[in-house]
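Every number here is computed from the coordinates shown, using simple stated rules; none is lab data. All figures in this text were calculated on a predicted structure; none of them were measured in a lab. When we count neighbours, we look across all protein chains shown, and the Cβ atoms used for this are built from the backbone with ideal geometry, even at glycine.
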Amino acid sequence: MDRPPPHWHTTTHDWANTVDAEHLSTIRGDPAAFAPGGLRQLVLEVVAYAADEAESRGAGRCAVTLLADGSVCVADDGRGTDTRFDAEGRAVKKPVMATKDLRFFDHPDAQALPDGHPRRGMSVVAALSEWLVHTNRREDGAWSQRYEHGVPTTGLSPVESDGTTGTTVHFRLAQLPDFEIELDADNLARFVSSWPRLGVEVHDRRPG
């Protein structure tokens, strides 16, 4: 994969490390340690990024949809994931899915998610998902990228602009032994209401 220019300084993630295979393998090796809240925690990890964006902008909206195939879709109305262009004009997205969030992952004082478990970052969601599709809409372009078990299986694929900005993360959990997969929509709605600047709607499209 292409390397970003050296002047793209590390912030929340290391721009120079597009895929940290060892990091992803560590997560997959002990899911209960990195996501003790099970599937609910993975959803909260995604929503936490929408909450960060809402906090920086003063307000934001997010929709969490629980789908019939067992997948979850989280869509927000933020500015989209930081995506820049290299010297050849190629789009390069901040590697939020496949590398560690340096603010939280190994930090002993990482902020807590609303369920009380420490925040680890989006890479935990990607690593523990059979597949994940990240659609990223920004003012200067829109792209989609697919991951399997945290590893990108496509490049950034341009998608047609719809006049909006924001991030959509659609994922389905991998088959994991002894991992909590039950997700109660009402219970989830109570947790996501903890972010004061982010309005969240939870839609349950599952049968029954």
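Separation of region 118-139 from region 31-91 is 6 Å, based on Cα centroids. Counting only DSSP H runs of at least 4 residues, each contributing -39500 (n - 2.57), and dividing by the residue count of the chain, the helix-based mean residue ellipticity at 222 nm comes to -6500 deg cm²/dmol.
With Cβ to Cβ distances under 15 Å as the rule, what net charge do the other residues near ASP115 carry (K, R +1; D, E -1)? Here the count lands on -1. Compared with the alpha-carbon gap, the fully stretched path from ARG206 to SER56 is longer by 50.7 nm at 0.36 nm per residue.
So what does log10 I(q)/I(0) come out to for region 10-102 at q = 0.24 Å⁻¹, using the Debye formula with one equal point on every Cα and no solvent? Normalising to I(0) and taking log10 leaves -1.32.
The charge dipole of region 21-204, taken about the Cα centre with unit charges on the Cβ atoms of Lys, Arg (+1) and Asp, Glu (-1), comes to about 420 debye, rounded to the nearest 20.
Per the Debye calculation on the chain with a single equal scatterer at every Cα and no solvent contribution, log₁₀ I(q)/I(0) for q = 0.12, 0.13 Å⁻¹ amounts to -0.58, -0.69. At 37 °C and 0.692 mPa s, grab the translational diffusion coefficient of region 57-101 from Stokes-Einstein with a Kirkwood Rh over Cα pairs, rounded to a whole number in µm² per second. Approximately 245 µm²/s, per Stokes-Einstein. Rounded to the nearest angstrom and listed largest first, the equivalent-ellipsoid semi-axes of region 84-150 from its Cα gyration tensor are 26, 15, 11. With a cut-off of 11 Å between beta carbons, the residues surrounding ARG137 carry a summed charge of -4, where Lys and Arg count +1 and Asp and Glu -1.
Net charge of the neighbourhood of GLU45, taken over other residues with C-beta under 13 Å away and scored Lys/Arg +1, Asp/Glu -1, is +2.
Spin-label model, GLU148 to ASN187: label points 7 Å out along the Cα-to-beta-carbon direction sit 3.2 nm apart.
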